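Peer 1: Take a look at this one; I'll ask things after.
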Amino acid sequence: MNVNLLRTAARGKAVLIGGIIVLAVVLAAILAPLLSTHDPYEMNVKERLLDPLEGGHLLGTDQFGRDLYTRILYGAQVSLEVGIVSVSLALVIGVTLGLISGYYGGWIDTVIMRFVDIVLSFPVLLLAIAFVAALGPGIENVIIALALVYWTSYARLVRATVLSIKEEEYVQAARTIGSSDFRIIVYNILPNCLAPIIVVATLGLGQAIVAEATLSFLGLGIQPPESSWGWTLAFGMKFLQDAPHLSIYPGVAIMLTVLGFNLLGDGIRDLTDTKLKQK
């Protein structure tokens, strides 16, 4: 059997599996009010720490008697909101600075890239914790903190891409006919940067979801009574012996969601990478 055919099939499977997982998470978040069986904020101390399938609760209940299945569904909304909005903000900042840095070069490139190096010199999670500690907990501040942390990867990627294509003939032709720098950047250069941007952004969604869960686990992210997978996992650790399902199910939700975005991103990268296609 042709080796290239096997590779293409493997890449297609990664996109398919990742896409199915991501679609399932997105639908669960959107349809949470329809799919849920209980009020996510309703407490019932008499039904606290019930096991899965006990008392009409599919995944059991938490320490306050709230339905865990419903909390996980609504937690998907929080995770996707943080991931999508923070990555979108990081994209706007990073892509804009990357385009400017790569196109103009010189001292502008030096200043922007040295600032990128300064940000990258700090561990990502530690820097996110510092931003959230300064801004305060809450979903808006978590989004801002993650955007301020992750924009650097997009800036470096776009800059490298711009440097490789800004001397191409079609760009030179646009300059020759008198096109403005803005028009060249937007209509000639940016479209050729979209493929790698989409790949990195897809992978970045998984990273942002993990970061939000980590911040919430540490008590710096989403605050109760809002439903967060990281917050639920953190409180579940206190009841690990008596009610392990409190930690298992939100942990599985995080794992599957991140796996879906990673498979989707890797698959898109493999399908769009011309070097891999030539092998």
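The values are calculated or read from the model by the stated rules, or taken from the named source; none is laboratory data. No experiment lies behind these values; they were computed from the predicted model shown. Please note: Cβ atoms are built from the backbone with ideal geometry, for glycine as well, and neighbour counts cover all protein chains shown. Calculation scope for accessible area: heavy atoms of the full protein, side chains included, ligands and nucleic acids excluded. Shrake-Rupley method; radii C 1.70, N 1.55, O 1.52, S 1.80 Å.
Peer 1: To the nearest 500 deg cm²/dmol, what mean residue ellipticity at 222 nm is calculated for the chain from DSSP H runs of n ≥ 4 alone, each contributing -39,500 (n - 2.57), summed and divided by the residues?
Peer 2: -23500 deg cm²/dmol
Peer 1: Let me have the relative contact order for region 166-252, percent, based on Cα pairs under 8 Å that are six or more residues apart.
Peer 2: 15 percent
Peer 1: For region 44-68 and region 109-156, what is the centre-to-centre distance using only Cα atoms, to the nearest Å?
Peer 2: Between the Cα centres of region 44-68 and region 109-156 lies a distance of 38 Å.
Peer 1: Sorted from largest down, give the three principal axis spans of the alpha carbons of region 106-246, whole angstrom values.
Peer 2: On the principal axes, region 106-246 reaches 72, 28, 21 Å in Cα extent.
Peer 1: In 10 Å bins starting at 0, how do the alpha-carbon pair distances of region 51-136 split up by percent?
Peer 2: 14, 26, 24, 17, 11, 7, 1
Peer 1: Taking the Cα-to-Cβ direction at Glu54 and at Val92 and moving 7 Å from each Cα, how far apart do the two end points lie in nm?
Peer 2: Inter-label distance under the simple model: 4.8 nm.
Peer 1: Here's a follow-up. Using a/c under 1.5 as the rounded threshold, could you call region 1-149 rounded, prolate or oblate? The axes a ≥ b ≥ c are square roots of the C-alpha gyration tensor eigenvalues, and prolate needs a/b larger than b/c, oblate otherwise.
Peer 2: Since a/c reaches 1.5 but b/c is at least a/b, the shape of region 1-149 is classed as oblate.
Peer 1: Using 0.36 nm per residue, how much length does the chain from Asp242 to Arg114 gain when fully extended, once their Cα-Cα distance is taken away?
Peer 2: Working: separation 128, 0.36 × 128 = 46.08 nm, distance 5.13 nm.
Residue separation times 0.36 nm, minus the Cα-Cα distance, leaves 41.0 nm.
Peer 1: Further question on the same structure: For Lys13 and Leu259, compute 0.36 nm times the residue count separating them, minus their Cα-Cα distance, and round to one decimal in nm.
Peer 2: 87.2 nm
Peer 1: To the nearest 0.05, what FRET efficiency results for Trp107 and Ile84 with a Förster distance of 25 Å applied to their C-beta separation?
Peer 2: Step by step, r from the Cβ atoms, then E = 0.10.
Peer 1: Ignoring ligands, DNA and RNA, what percent of the 1.4 Å accessible area of region 203-279 is carbon and sulfur?
Peer 2: Its accessible area is 64 percent carbon and sulfur atoms.
Peer 1: Could you calculate the contour length gain from Val252 to Leu23, that is, 0.36 nm times the residue separation minus the distance between their Cα atoms, to one decimal place in nm?
Peer 2: 80.8 nm
Peer 1: To continue, here is another question. Specify, per residue and in Å³, the volume enclosed by the convex hull of the alpha carbon atoms belonging to the chain.
Peer 2: With only Cα atoms used, the chain gives 162 Å³ per residue.
Peer 1: Kindly identify region 123-191 as rounded, prolate or oblate by the Cα gyration tensor criterion: order the square roots of the eigenvalues as a ≥ b ≥ c, call it rounded if a/c is under 1.5, otherwise compare a/b with b/c, prolate if a/b is larger, else oblate.
Peer 2: The shape class here is prolate.
Peer 1: For region 190-278, just say rounded, prolate or oblate: build the C-alpha gyration tensor, square-root its eigenvalues into a ≥ b ≥ c, call rounded for a/c under 1.5, and beyond that prolate if a/b exceeds b/c, oblate if not.
Peer 2: Prolate is the answer for region 190-278, as a/c is 1.5 or above and a/b outweighs b/c.
Peer 1: Between Ala195 and Tyr170, with labels modelled 7 Å along Cα→Cβ, what's the label distance in nm to one decimal, could you check?
Peer 2: 1.1 nm
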